[in-house]
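Peer 1: Dumping the structure here so I can ask a few things about it.
FYI, it's all coordinate maths here, none of it is from the lab. A quick note: this is a predicted structure, and the numbers were derived from the prediction, not measured. Here the Cβ positions follow ideal geometry from the backbone for every residue, glycine too, while neighbour counts run over all protein chains shown.
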Amino acid sequence: SLIVFFAWFFHVEVDEEAIMREVLRQAEEELKKIMSNIAAPEGSSQTSWIVEVSYRRESVNIRIDAGQTLRDVSAEILQRTKLGDGDYALYEFLCDGALKRPVHLSEYLLNTTVTLWDERVQRSWLAIDTNSMKEKMRKAAGKYADDSQEHGRLHVYEGKKRWREVEVKVSQETLSYDNSRLRGRCSVNLTQNTWYLGCEAGISPPSEYCFTLRSTDQTKDEQFKVFSATEEQDLWRWLWRINSVKHQELDYRLVKSKRAVLSTSSHRSSFILPNER
């Protein structure tokens with residue numbers, strides 16, 4: 001505003017739109033620095049944040065702090081949304097809804113919402129939906145429940161709408177497969193990745209049974225690794241195995257309790273997520 005005023009005062013022509021674009025760019029960089037500093041789950045924070053949760057084409061704002069898990073606020077979410085008793089879960093949607101996953105009750109909710117700020121995930125939001133994924137993964141696991149390894153064939157996306165069928169193996173915390181570009185074995189640490197059902201639009205998968213692994217390391221250039229299964233049962237079995245690396249229990253159901261544990265800090269900063277609408 002001062003630049004524009006002095007330009008007018010001294011009769012100097014300036015590109016106001018260019019100035020505003022640069023200001024917004026710098027503000028975005030500063031915001032990313034701030035968010036990266038508050039994302040760590042260790043310790044507690046005295047700052048409360050407001051998270052927007054969508055449901056049934058409406059939304060509510062829930063106050064959380066950095067030390068709270070989804071389990072801590074699940075009762076408050078159900079109470080505010082007035083959904084009543086039922087099997088509901090909180091889902092994270094990325095890339096205009098193309099990717100979705102249930103948020104585990106042990107997850108730090110602020111960490112989950114911080115990832116939505118990444119410009120590479122496009123429009124994203126949190127929303128309540130029926131808890132349907134848990135039983136599908138459990139049933140598909142079947143006889144593999146006691147097996148520490150999972151292996152089979154999947155199609156992997158290699159970019160530029162190219163897919164290749166590879167032998168994939170999950171052992172302990174690692175998913176590995178042959179990578180033709182690197183001429184070797186590609187390994188993915190599953191503890192440093194989050195799984196999502198679905199894939200980004202426009203990459204033409206060989207089947208509809210796709211899942212995506214997204215790195216939790218925001219500095220990596222390759223954020224997404226996309227895989228496609230041949231049958232639906234295979235898709236859910238792979239997701240069950242990958243999910244079990246981080247979470248032994250399929251604990252997603254939002255449960256009401258007599259008392260909701262919420263922080264009421266004197267510092268009240270706003271952190272509003274994009275609305276589903």
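Peer 1: For Ile50 paired with Thr230, estimate the spin-label separation in nm (one decimal), with each label point 7 Å from Cα along the Cα-to-Cβ line.
Peer 2: Once both label points are built, they end up 5.2 nm from each other.
Peer 1: Please report, in whole Å, how far the alpha carbons of segment 48-89 spread along each principal axis, starting with the longest.
Peer 2: 27, 19, 13
Peer 1: For segment 62-136, divide the Cα radius of gyration by the Kirkwood radius and give the resulting Rg/Rh value with two decimals.
Peer 2: My calculation of the ratio gives 0.96.
Peer 1: Calculate the spin-label point distance for Asp15 paired with Glu58, positioning each point 7 Å from the Cα along the beta-carbon direction, and give it in nanometres.
Peer 2: Label-label distance for Glu58 and Asp15, simple model: 4.7 nm.
Peer 1: Which ³J(HN,Hα) values, rounded to whole Hz and listed in residue order, are derived for segment 98-106 from phi using the Karplus coefficients 6.51, -1.76 and 1.60 in 6.51 cos²θ - 1.76 cosθ + 1.60 with θ = phi - 60°, glycine and proline given as x?
Peer 2: 5, 10, 8, 7, x, 7, 5, 5, 7
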